[in-house]
Structure formats: C-alpha cells, structure tokens
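Any read-out appearing in this document is the output of simple, stated calculations on the displayed coordinates, not a laboratory observation. Since we're looking at a predicted model, the values are computed, not measured. Cβ: placed from backbone, ideal geometry, glycine included. Neighbour counts: every protein chain shown.
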Amino acid sequence: MAIEVKNASFVYPNGFKALENINIVINEGERVAIVGQNGAGKTTCVKMMNGLNKPTEGDVIVDGMNTKDKTTAFIAKSVGYVFQNPDEQIFNSTVRAEVEYVLRYFKLPEKEIKERVKRAVQLTDIAGYLDINPLDLPYPIRKFVAIAAVIASKPKYIILDEPTAGQDKHGTETLSMMISELEKDGVTVITITHDMDFAVANFDRIVAMSQKKIIADGNAKEIFWNEDIVSRARIKKTQIGELAKRLNVPGEVLFCEELVEKL
Ligand SMILES: Nc1ncnc2c1ncn2[C@@H]1O[C@H](COP(=O)(O)OP(=O)(O)OP(=O)(O)O)[C@@H](O)[C@H]1O
Ligand SMILES: [Mg+2]
C-alpha cells in the first residue's frame, strides 16, 4: 500500500504552473520529510496526495485508488492533511468540538469518539484547552489543535505541513514524541519542514524540492552532504553540520555525537 505520484503536474486556476512532472512513491510505514525553499511547491504537492489538488497532468494513486476518480472527502479518510495555516482548517468554537467534528459527522459510537479524542489530545498535549475557543489560543497551540483533529480521524497516512513553525523547544519535543507514537499506531507520517534538525532527528527519508520539482530523495547524508542540492533547495544543514563545516572538521558530520567523536 502506498501513495504514488506519477508524472504529475499542477496548474492553479489562474494559470500558474506550480508543479512540473513530480514522481514519488511513499510506502506505508515510511517517515518522509519534504524540504526546500519557500514557494518550491511543497504544499501544492502534498495537497495532491490527499486529493485537495487533483493533478492537471499525470496521476496520484492512493492505495490503488486514483484521486481523480474519488472525492477529496473520500481520499481524506486515508490521507489526513494538517494545513500549514491552522486558521484555514479550524472552524469550531471549542477545541473539543473541533477535535470531535469529523467523528460526529460520521456518527461514530460515543465510546469510540471518546477514545479517539483522548488519544489525539494526549499525543498533541492539548488536554488543558478542551473547553477553550481555539481563536483564544496562541498560534503554536492552534497548530496542535488542527493536528489533533486529523489524528482523531485515524487516517493511514498523515501529512503535517510545517508543524514546527512557531514551536518552542517543548512544542518540537511534543511533535517528536507524537510522531513516534503515530508510528507505533501504524500511521505513515509525511511532514514539510524548514527545521533541518527536526527533519534529520525524526525522518529517515528526506525529499528536497526546488522550483516546482523534486531534486533529491534520500537519507540525511545523501541530501545534506551534496552541496549542489543544499544550494539549489536553499536549505541549511543541521546546526551541528554547519558548525562542523565552519570548523573545517573533515568527514560527513550531522549529529552532535559525530562531531564530538571527530574532535
Ligand atoms: N491558489 C494559488 N493560486 C496561484 N498560485 C498559487 C496558489 N497557491 C500557491 N501558489 C503559488 O504556487 C507556488 C508554490 O506554492 P506552495 O505553497 O506549494 O509552496 P511551498 O513550497 O509550500 O512554500 P512555503 O515554504 O512558503 O510554504 C508559489 O509560487 C505560490 O505563490
Ligand atoms: Mg507551504
């Protein structure tokens, strides 16, 4: 089972071509981070994976289903997408109502709703906010509310669009723990991030995008030790990687332990 993007291009209604001939297969159980400069097409690309964007050329196949033949709501049952901007997603007047919304829409039994909300709330660390209006919460917490709502719908694949944006250390740690727990639950996690330390620490496969295309797909070393990719995708190395480079430490260093060893 997999998400397969085949020779897919995407043109927005105003005529702007945002993606050119994208090919990528994401297999069940993988953890994939998508990185790359602002405007590269990352969000447009992941929105194709859950049917919010239907490719204007080529195909996107989710577990054997062509997204062109299905409604977005149907594909979203398998592929959950957490919006880059939580305010495009959140519309209920309490956190609880937001997290429960889809479950009530599908009329799940009360006991199941309770269990799913409990798990989603625990993973996103928002138990203290259930009766609050999301609009009264700070941006990073609103992002967790949006994530919880998608987790509660129990998709097989979950796409997080810039979950680290605006998060402090605690928020980023919560995200790391959440991703490990989701993996234990059998969920495939795909994320977009500008935080390279987060990407390297939590994702074994990194996909780099630049100017409407995927320019690299591999493990952290294959991406960050290829200066051509780093400069074309306009990404940084990890902080330790940058430090090692400035110190002229030889060899491919990305992690703290590696640097300590070399020094
Ligand atoms: N609704 C739209 N209509 C026309 N063009 C759009 C629309 N949405 C996005 N674009 C353009 O498509 C390109 C890719 O946008 P996208 O949001 O996919 O980039 P991104 O890689 O997610 O960037 P960021 O890191 O800033 O979130 C950009 O040039 C953007 O301006
Ligand atoms: Mg984006």
Kirkwood Rh and Cα Rg combined as Rg/Rh, segment 80-175
0.93
Cross-link reach from Lys54 to aspartates and glutamates, straight Cα distance under 20 Å and at least 8 residues apart if same chain, gives Glu4, Glu20, Asp63, Asp69, Glu88, Asp161
Go ahead and set up a Gaussian network model of the chain, Cα springs under 10 Å, then flag whichever of Ile223, Ile75, Ile24 fluctuates most.
Ile24
Cα convex hull of the chain, projected area averaged across orientations, nm²
14.7 nm²
If Lys and Arg each add +1 and Asp and Glu each add -1, what is the summed charge of the other residues whose beta carbon sits under 10 Å from the beta carbon of Thr172?
-3
Taking the Cα centre as origin and putting +1 on Lys and Arg beta-carbons and -1 on Asp and Glu beta-carbons, what dipole magnitude results for the chain, to the nearest 20 debye?
560 debye
At 15 Å minimum axial length over the Cα atoms and a Kyte-Doolittle cut of 0.5, report the qualifying DSSP H helices in the chain, or say none.
139-152
Segment 195-263: which chymotrypsin sites (Phe, Trp or Tyr not before Pro) are DSSP loop and have at most 10 other beta-carbon atoms within 10 angstrom?
none
Cα centroid distance between segment 95-122 and segment 37-60, in Å?
29 Å
Cross-link table Lys118/Lys237; Lys143/Lys169; Lys68/Lys114; Lys17/Lys47; Lys114/Lys156, entries beyond 26 Å C-alpha to C-alpha
Lys118/Lys237; Lys68/Lys114
Given the candidates Thr44, Ser210, Thr72, the one whose Cα lies deepest towards the positive end of the charge dipole of the chain, counting +1 at each Lys or Arg C-beta and -1 at each Asp or Glu C-beta, is Thr72
Antiparallel DSSP bridges in the chain: what percent, to the nearest 5?
50 percent
Note, Phe10: beta-carbon cut-off 10 Å, +1 each Lys/Arg, -1 each Asp/Glu, net +2
